[in-house]
1. Under 8 Å between Cβ atoms, which residue pairs at least 6 apart in sequence (or on different chains) link something in the stretch 239-252 that is under 17 Å from S269 (Cβ atoms) with a partner that is basic (K, R)?
2. So in the stretch 344-376, with the set limited to residues that are modelled with pLDDT of 90 or more and in a helix (DSSP H, G or I), which one is surrounded by the fewest Cβ atoms within 10 Å (Cβ to Cβ)?
3. May I ask you to list pairs of residues, at least six apart or on different chains, whose Cβ atoms are under 8 Å apart, with the first in the stretch 279-295 being farther than 12 Å from E344 by Cβ and the second being in a loop (DSSP other than H, G, I, E, B) and of a type in the set (G, A, S)?
4. Among the residues of the stretch 248-264, count how many are under 12 Å from V218 (Cα atoms) and at pLDDT 95 or above.
5. When you go through S325, S339 one by one, which is the residue that is over 18 Å from E258 (Cα atoms), small (G, A, S) and either part of a loop (DSSP other than H, G, I, E, B) or under 24 Å from the mean Cα position of the chain (by Cα) (or both)?
6. Which of the residues that make up the stretch 116-132 are over 11 Å from P99 (Cα atoms) and of a type in the set (V, I, T)?
7. Just the residues that are among the charged types (D, E, K, R) and assigned to a loop (DSSP other than H, G, I, E, B), please, taken from the stretch 159-199.
8. Only one of E44, E18 is modelled with pLDDT under 90, more than 20 Å from S208 (Cα to Cα) and among the acidic types (D, E). Can you tell me which?
Amino acid sequence: MSIARGWYIVIHDDKTQEAAQAWFTAHPGLIAGLELRLDLTEKETPLPPPPANLSVIVTDRGGRTDRARTARRNQVCRDWRGTLDVDPQTDAAAPTDLPWIYSCHRTPDTPVTVQSQIEEARRSGAVAAKIVMPEGDLAARRLALAQVPSDESFPVVCFNAGENSPIDRLVALDRPQSWGYARVPTDDPGIPGLPSIGAIVDRYRFHSCESQRALLAVIGDDVENHLAPGWHNRWLEGSGSPTRMIQFSTDQPDPFLEESDKLQLDALSVCDPYQEWARQVARPLDEDASRWNRWDTLIRQPDRSWVGTSSETIAVRKLLQQHLSGHGALVIVGKEEDSQMLAEELTRLGYPVSRISTSHEHGPASSELRQDGEAIEQAAALIDCDRSYRTGSRGTMRQELPWVQTRFHGELVIDMGHPLQSHPRWESLDRAAVTVVDRLHFFSEQMRLQCRWFHRGEVSPVETVRIAREALAELQ
């Protein structure tokens, strides 16, 4: 059976094959076949029977000098009517009776060009080529996508390796390349960056391959598990749009503004530490945005320029108008750099504002701590602006202030943190007397705004929260 277009789910035993078969049955147009990884299978473990209705790739990394292992690999491939994946650096050559893929894992020092390797694959008799590029940022991702020739008579796939490569693999298959590799959600075969077919279907909503679909992105220092892609993609699918949102953890934000025929983003949700950068690289969406020095939203315009604004600031304003009677005193708790802009905007609107910094520690009897406590007691609303969206492996939580909720007796609490960093610190408040806009509801208000700017769509508060709960459950 020849190589089919779509995802090949990596299997190595009966359990993973059964799970992969279930996904194929549920999504036959998305899943092309199986990759049987013999190098991940214990020798004593009997192989499952070959599938009757799926294309198969057979891989056994590292057996180049082991004749018995190579003979077993070749016979399994014959029995499964598969195609061998062969890396000439680590694997024995394919026998003449089996079709095979030329597989190459490049390093930054690989001396030959990608095109030379593709030509070598053709000359060697391979039926396709797989080129895995070194891990890199957006420029490297675009370079990888540019390596695939337009001639489809010889299939080539090319993507970047590394922990962030689920997005590289996802975009490569959609740009379009012939096939990609995924895993079943409950399996961890130890292959860095191998995406889960569950995330492909549920989080990214790539239910079919769409050539050159419009893409949006969340960017930041560490946004691996940001909630926005799950929210936007659910709404987009429900509205019938092929546009999708993905995420990029990066230390180089500038290339995301550039136009590219390989990988272009039409809107950005911008997270720490790039919100000041966002303000510097675009023009204001409106007069309000022109006052602010930190933006979390960038939108590409029809003339290809960028405009920006702050969904966080607008969401706080709207929530105060909805839930706070009058212009009572406000207390903003958070790092100084996070709270300053918000405090200036709310002061301009006529609210008396106090700020409590979490950037440094106070002694238990310090005058600053006493003043902070008095401000809390007098406040009509408390705004916790810990806006960290570092939800991946490098994420950290700031020091908590356990005395805050015990001294607050106002009307409204707004928690601006990311929903994945949930904390029960507001549970002790009397919910009958205090309106608490928790992290999920605050995030949902931001999504309503971004939906309007990104998609020209309107969504009700109830529907926004429902979608957010679904996206959050998928990540937990």
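The values are calculated or read from the model by the stated rules, or taken from the named source; none is laboratory data. This is a predicted model, so every value here is computed, not measured. Please note: Cβ atoms are built from the backbone with ideal geometry, for glycine as well, and neighbour counts cover all protein chains shown.
1. T243/R213; R244/R205; R244/R213
2. Start the filter on the stretch 344-376 by keeping residues that are modelled with pLDDT of 90 or more, which leaves 344-355.
Add one more test, that the residue is in a helix (DSSP H, G or I), and what stays is 344-348.
Numbers: E344: 14, E345: 19, L346: 21, T347: 12, R348: 10.
Once the filter is applied, the top-ranked residue is R348.
3. A282/S305; R283/S305; A289/S310; W295/A282; W295/S310
4. From the stretch 248-264, those under 12 Å from V218 (Cα atoms) are 248-250, 253, 256; that's our starting set.
Add one more test, that the residue is at pLDDT 95 or above, and what stays is 253, 256.
Residues meeting the conditions: 2.
5. Details: S339 fails: either part of a loop (DSSP other than H, G, I, E, B) or under 24 Å from the mean Cα position of the chain (by Cα) (or both).
After applying the criteria, what remains is S325.
6. Result: I118, I131, V132.
7. Here is the first cut: in the stretch 159-199, the residues among the charged types (D, E, K, R) are 163, 168-169, 174-175, 183, 187-188.
Across the stretch 159-199, the qualifying residues are E163, D174, R175, D187, D188.
8. Among E44, E18, only E44 is modelled with pLDDT under 90, more than 20 Å from S208 (Cα to Cα) and among the acidic types (D, E).
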